[in-house]
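First the structure, in the form of structure tokens, and then the observations on it.
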Amino acid sequence: MKLYVLNGPNLNMLGVREPEIYGRQTLLDLENYIRQVCERENIEVEVFQSNHEGVLVDIIQSALGNADGIVINPAAYTHTSVAILDALKAVSLPAVEVHLSDINERESFRHISYPAMACIAQVKGLGFAGYEKAILMLKEYLQEKN
Ligand code: DQA
């Protein structure tokens, strides 16, 4: 089983960026956490981060034939990107959307998610643990499917 884990814009600023919302741990800490969870669960993983919508679309497209599922934190593109929604629909791989913060408890413009319309679930407000939850959900989903 292999997963792609994608992080969108400004998540490379974790640790510096609004620590009262996102905490003091860095993207490297998050990527190490994801790798540890996947190693424990016997899942192969590739992690990506980009600040660019088109690059995220390219990575999602490249998952086809290379990964069994996708964990994605589209960050600000969550609330704007039909392109990321369409890419997820195009590859038709099971995907789980993750947010470190609880987007429903924040400004109203964060309440809408386009990519979530192509995801089997959305996990929010759990910090790093949300990625673990998303990975476990995909593992269970893929095991049931096969
Ligand atoms: C975020 C929530 C988004 O609204 C925001 O634009 C982000 C991070 C989260 O992980 O909580 O950049 O996706």
Restricting the search to segment 127-136, which residues are more than 10 Å from the ligand (Cβ to nearest atom) and surrounded by fewer than 22 Cβ atoms within 10 Å (Cβ to Cβ)?
PHE128, ALA129, GLU132, LYS133, LEU136
Taking segment 87-116 and the residues there that are hydroxyl-bearing (Ser, Thr, Tyr) and touching a helix residue (DSSP H, G or I) at 6+ places or on another chain (Cβ under 7 Å), the one that is nearest to the ligand (Cβ to nearest atom) would be SER101
Within segment 44-62, residues surrounded by fewer than 23 Cβ atoms within 10 Å (Cβ to Cβ) and touching a strand residue (DSSP E or B) at 6+ places or on another chain (Cβ under 7 Å) come out as GLU44, VAL45, GLU46, VAL47, PHE48, GLN49, ILE59
Residue count, segment 74-100, condition touching a residue at least 60 places away in the same chain (Cβ under 8 Å), open to solvent by 10 Å² or more (accessible area, probe 1.4 Å) and at negative phi, comes to 3
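Yes or no: ILE59 over 19 Å from TYR33 (Cβ atoms), assigned to a helix (DSSP H, G or I), touching a Phe, Trp or Tyr at 6+ places or on another chain (Cβ under 7 Å) and within 16 Å of the ligand (Cβ to nearest atom)?
Judged against the criteria, ILE59 is not a match.
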Tell me which of these TYR77 doesn't satisfy, since it passes every other one: (1) part of a loop (DSSP other than H, G, I, E, B); (2) under 12 Å from the mean Cα position of the chain (by Cα).
(1)
Out of LYS139, LYS133, LYS124, LYS145, report the one residue that is of a type in the set (Lys, Arg) and at pLDDT below 95.
LYS145
Only one of (1) touching a residue at least 40 places away in the same chain (Cβ under 8 Å); (2) of a type outside the set (Val, Ile, Thr); (3) open to solvent by less than 10 Å² (accessible area, probe 1.4 Å); (4) more than 13 Å from the ligand (Cβ to nearest atom) fails for ASN66. Which number is that?
(3)
Evaluate segment 97-114: report whether one residue or more is out of contact with any Cys (no Cβ under 6 Å at 6 or more places or on another chain), closer than 19 Å to LYS2 by Cβ and either basic (Lys, Arg) or at pLDDT 95 or above (or both).
yes
Any residue at all in segment 27-40 that is more than 17 Å from HIS99 (Cβ to Cβ), in a loop (DSSP other than H, G, I, E, B), touching a residue at least 12 places away in the same chain (Cβ under 8 Å) and open to solvent by less than 80 Å² (accessible area, probe 1.4 Å)?
no
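The values are calculated or read from the model by the stated rules, or taken from the named source; none is laboratory data. Keep in mind the model is a prediction, meaning the values are calculated, not measured. Cβ atoms come from the backbone with ideal geometry, glycine included; neighbour counts cover every protein chain shown. The area values use the complete protein model at the heavy-atom level, side chains included, leaving out ligands, DNA and RNA. Shrake-Rupley method; radii C 1.70, N 1.55, O 1.52, S 1.80 Å.
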